[in-house]
1. Of Leu302, Leu62, Leu38, which is the most mobile in a GNM of the chain whose springs link Cα atoms less than 10 angstrom apart?
2. So how far apart, in nm, are the two label points at Gln48 and Gln137 if each is 7 Å from Cα heading toward Cβ?
3. Of Lys9/Lys209; Lys227/Lys299; Lys147/Lys307; Lys26/Lys179; Lys179/Lys299; Lys9/Lys154, which sit over 20 Å apart, Cα to Cα?
4. Please compute one quarter of the surface area of the Cα convex hull for the chain and express it in square nanometres.
5. Enter the Cα centre distance for the pair region 169-228 and region 106-161, rounded to the nearest angstrom.
6. Compute the length gained on full extension between Ala243 and Asp286: take 0.36 nm times their separation in residues and subtract their Cα-Cα distance, giving the result in nm to one decimal.
7. Top mean-square fluctuation among Thr166, Thr40, Thr69, Gaussian network model of the chain, C-alpha springs under 10 Å?
8. With +1 on each Lys and Arg Cβ and -1 on each Asp and Glu Cβ, how big is the dipole of region 151-276 about its Cα centre, in debye rounded to the nearest 20?
Amino acid sequence: MDSHAEVVKSIEPFVEENLKLLMPVKDSWQPSDILPHLETEGWHEDVQQLRRQAMGIPDDVLVVLVGNTVTEEALPSYQTMVNRHPGVTDNTGASDSPWARWSRGWTAEENRHGEILNRYLYLSGRVDMHAFEVSTQNLLRNGFDPKTGNDPYKGLIYTSFQERATKISHGNTAVLANKNGDTTLGKICALVTGDESRHEEAYKRFVWKLIEVDPSETVIAFAQILKNTVTMPARRMADDVAADLFSQFAVVAQQIGVYTMRDYADIIEHLVVYWGIRGLSGLSGDAAKAQDYLGGLSKRYLALADKMEAHPSAQPKLSFSWIFNRSV
Ligand SMILES: [Fe+2]
Ligand SMILES: [Fe+2]
C-alpha cells in the first residue's frame, strides 16, 4: 500500500491540471443567491412563496430529501476520510500540494450542499427539524466506514462511485420537485447536481490516470470495492426512533425512483466503460480475474433490478420522525 501512496503522489501534476474542475469562488453559487433574502423589505412574501411551493412536495419525496440532506451534512466524515488515505493527505491543513488543494476545494464546494438544503428544509416548515438534526448528529458520532482499508486507490474509486450516486439522487429529486411545482427546490437540487457532476468527473479522471500508471493494482482495488455492496455514507444515521433509519430511507428512495438498484447497476457499468476495464491487456493473473468479474457485474445487478421492478415487494408503510411520524 505504501507503493499505492507513491503512485498517487506521482500523479500530482495530473491532479494540478484538473484543479480547473473546481469553480473559482467568485464564480460559485452560494446558498444566499437562491434562498429568500431576510434582510430585504419583501422577505415575508418571499418566505411565504417558498412555503407555498413546498406544500406541493409529497411526503415520500420529502423523506428522501431529508435523507439526502443528512448525508450532505456529514461532510466532516468525508473530509476525514480523504485525509486517512496516504498520498492524498493534506499534511499541514494548508498544504500547497495539488492533492491538498483539491481536497480542500472539493470540501469547500460540498459544504454548500448541506448548507442550502438545510436552510430550505428549515424555511419550508415541512420538516421536524429537531429529528433531522438528531439524525445528522448521530450520523457524525456513529461515523462512516467506506471499507477502503485506507488504500488510496480504493478511496478514489469509492468516491467516483459516490459522486455519481449523489449526482443521480439529487438530479432525480430536482425532477420530482419541479413536477410537484416547487421550482425553488428544483433549482437547489439542480445546482447541487451540477457540483456533483464536476466532482464525479474529477475523481473518474484521477482513477483513469491510476489505471494508466498501475492497471493491475487499480483493477483489483476496483473489484474489491464492489465485492460487497458499496457502503452508503449515511448508513449509520439514526433518529433514536426507527430501528434502521437508513434502510427505511433506502426503501423510499427505491420506491419513488430517486436512487434504485438500476442506478446502482448503471453506475457500475458506467465506471467499467469509462475506465476501459474490458479492453485492458497485460494484466497480472489476479487483475485479469478482477477484470472478468467487473465485466460481468452490472448484468447481475440489472437482473436483480428487473426482478425487483417486475415483482415489487409489498412494503409496509414506514413512519418517519422527520415528517412528524407520518407514514409513507
Ligand atoms: Fe454533495
Ligand atoms: Fe459530492
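Read the figures in this text as sums done on the coordinates, not as results from a lab. Everything quoted here is computed from the prediction, not taken from an experiment. For neighbour counting, all protein chains shown are included, and Cβ atoms are generated from backbone atoms with ideal geometry for every residue, glycine included.
1. So, out of Leu302, Leu62, Leu38, the one fluctuating most is Leu38.
2. Result for the modelled spin labels: 3.5 nm.
3. On the way: Lys9/Lys209 12 Å; Lys227/Lys299 14 Å; Lys147/Lys307 28 Å; Lys26/Lys179 32 Å; Lys179/Lys299 31 Å; Lys9/Lys154 15 Å.
The answer is Lys147/Lys307; Lys26/Lys179; Lys179/Lys299.
4. On the way: hull surface 69.8 nm².
If you wrap the Cα atoms of the chain in a convex hull and average its projections, you get 17.4 nm².
5. If we compute the Cα centre of each part, the gap is 15 Å.
6. Numbers: separation 43, 0.36 × 43 = 15.48 nm, distance 4.01 nm.
That works out to 11.5 nm of additional length.
7. Most flexible of the set in this elastic network: Thr40.
8. Working: 13 positive and 16 negative charges, 32 e Å.
Using Cβ point charges on Lys, Arg, Asp and Glu, region 151-276 gives about 160 debye.
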